[in-house]
Amino acid sequence: MYFYCEQCKKKYPLNTHAFQCECGGLFSLHKDESDEVTDEISLGEFETPLLPLKIGKLEFLLKLENLLPTGSFKDRGAYRLINELHHLGIKKVVLDSSGNAGASVAAYAAAANIDCTVYVPDDISNEKIAQIEAYGARIVKVANGRMKACTAAKENLGDAYYASHVYNPLFFEGMKSMAREMYQQLGNHIPDYIFIPVGNGTMLLGLYQGFMELGRLPHFVAVQSKKCAPLYEAYHELPAAPKKTTIAEAIRIEHPKRLKTMVEAVRNSFGDVVAVDDKDILEAKKYLGSRGVYVEMTSAAALAGARKYFQAGKPDNYQVIIPLTGSGLKR
Ligand SMILES: [Zn+2]
């Protein structure tokens, strides 16, 4: 396995301390069939269940990623990333996160005895900070938003490896397991639709890669908050509106690095991008709670998006998956 630049195709080893190519291009992962992956570090991952949810005439399948070891889907990426870094002998990592990726990487780093520092925006929930600190990681709070946390992390790497869920392709490699699981759980079928809350696009791009390997794509419908909707704007070719704070803090990403690839993923899947009101996200979160499912706001955004998308009804035979990205205990 090695990284290569998406633009100029230059190769880099996995243990490179460069997080992007010298030409400015982002890395992708090259993996041969014969390449072996390592699975030494575990926190008890498992196949997350698909839970049917009927709302009036609409039936959805909730994929309960909120049940994973640290309470979010990011554990899939952190599992693969930290396993490979552990195998490479890396002892120190830095990343930036709005919370969930920070908790996932901190937890797996702790299990692998890797030193971990997480740069976070200074307004993320106390629950997420407490969780990251519980795993023994150092927290550095950065003012003025998520992008500033990213810049601060990159500028202060020192001798640490940048364990970024945005830049590092090993993280996306881990996300592919979600696609394989869905396929198997549906009896070797590809679902018709998946509604995905999108910030940096970790889940969207991971599922895209995963389903590409399986040979067929579901329709990906990306969901964003109207208050911060760069993918919605790019996809529908709308002028960029000022980005505001949304209650869905995990998808509050003003300038996602892989925006162009995300637009391609949605287009190639004949999907769509919808933007929802924060009040509808809040209502969806409350609704899920009333059905016994406790999630963070960002997860509820996907349900709000699905209800909006199918407000005129949905054919009964469509299988529609809504991944619940994170646990309500985080906020
Ligand atoms: Zn390059």
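The values are calculated or read from the model by the stated rules, or taken from the named source; none is laboratory data. All of these numbers come straight from a predicted model, not from anything done at the bench. Please note: Cβ atoms are built from the backbone with ideal geometry, for glycine as well, and neighbour counts cover all protein chains shown. Just so you know, the surface numbers come from the protein's heavy atoms only, side chains and all, with ligands and any DNA or RNA stripped out. Shrake-Rupley method; radii C 1.70, N 1.55, O 1.52, S 1.80 Å.
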**OP:** Examine the range 43-58 for a residue that is within 16 Å of the ligand (Cβ to nearest atom) and either open to solvent by less than 70 Å² (accessible area, probe 1.4 Å) or more than 17 Å from GLY174 (Cβ to Cβ) (or both), and state whether such a residue exists.
**Re:** no
Original post:
Quick one: how many residues across the range 143-181 are part of a loop (DSSP other than H, G, I, E, B) and surrounded by 17 or more Cβ atoms within 10 Å (Cβ to Cβ)?
Top reply: 8
Original post:
Hey, among the residues in the range 236-256 that are over 12 Å from ILE124 (Cα atoms) and of a type in the set (Asp, Glu), which one's surrounded by the most Cβ atoms within 10 Å (Cβ to Cβ)?
Top reply: GLU254
Original post:
Restricting attention to the range 26-38, which residues are within 10 Å of the ligand (Cβ to nearest atom) and not in a loop (DSSP other than H, G, I, E, B)?
Top reply: PHE27
Original post:
Yes or no: THR70 away from the ligand (no atom under 16 Å from the Cβ), touching a helix residue (DSSP H, G or I) at 6+ places or on another chain (Cβ under 6 Å) and more than 19 Å from ASN168 (Cβ to Cβ)?
Top reply: no
Original post:
If you go through the range 1-25 one residue at a time, how many are open to solvent by less than 30 Å² (accessible area, probe 1.4 Å), near the ligand (Cβ under 9 Å from one of its atoms) and assigned to a loop (DSSP other than H, G, I, E, B)?
Top reply: 2
Subject >> Residues that are outside any helix (DSSP H, G or I), within 18 Å of ILE247 (Cβ to Cβ) and open to solvent by 40 Å² or more (accessible area, probe 1.4 Å), drawn from the range 121-142 >> reply: ASP122, ASP123
Subject >> Count - residues of the range 4-17 that are within 22 Å of the chain's Cα centre (by Cα) and within 19 Å of ASP159 (Cβ to Cβ) >> reply: 1
Original post:
Taking VAL93, is it touching a residue at least 60 places away in the same chain (Cβ under 8 Å), more than 30 Å from LEU288 (Cα to Cα) and assigned to a strand (DSSP E or B)?
Top reply: yes
Subject >> Selection count, the range 309-319, where residues are out of contact with any His (no Cβ under 9 Å at 6 or more places or on another chain) and crowded, with 17+ Cβ neighbours inside 10 Å >> reply: 3
**OP:** Test ILE82 against the criterion of being in a loop (DSSP other than H, G, I, E, B), at pLDDT 95 or above and surrounded by 15 or more Cβ atoms within 10 Å (Cβ to Cβ), and give yes or no.
**Re:** no
Original post:
Would you call GLU47 in contact with a helix residue (DSSP H, G or I) (Cβ under 7 Å, 6 or more places away or on another chain) and more than 16 Å from ALA163 (Cβ to Cβ)?
Top reply: yes
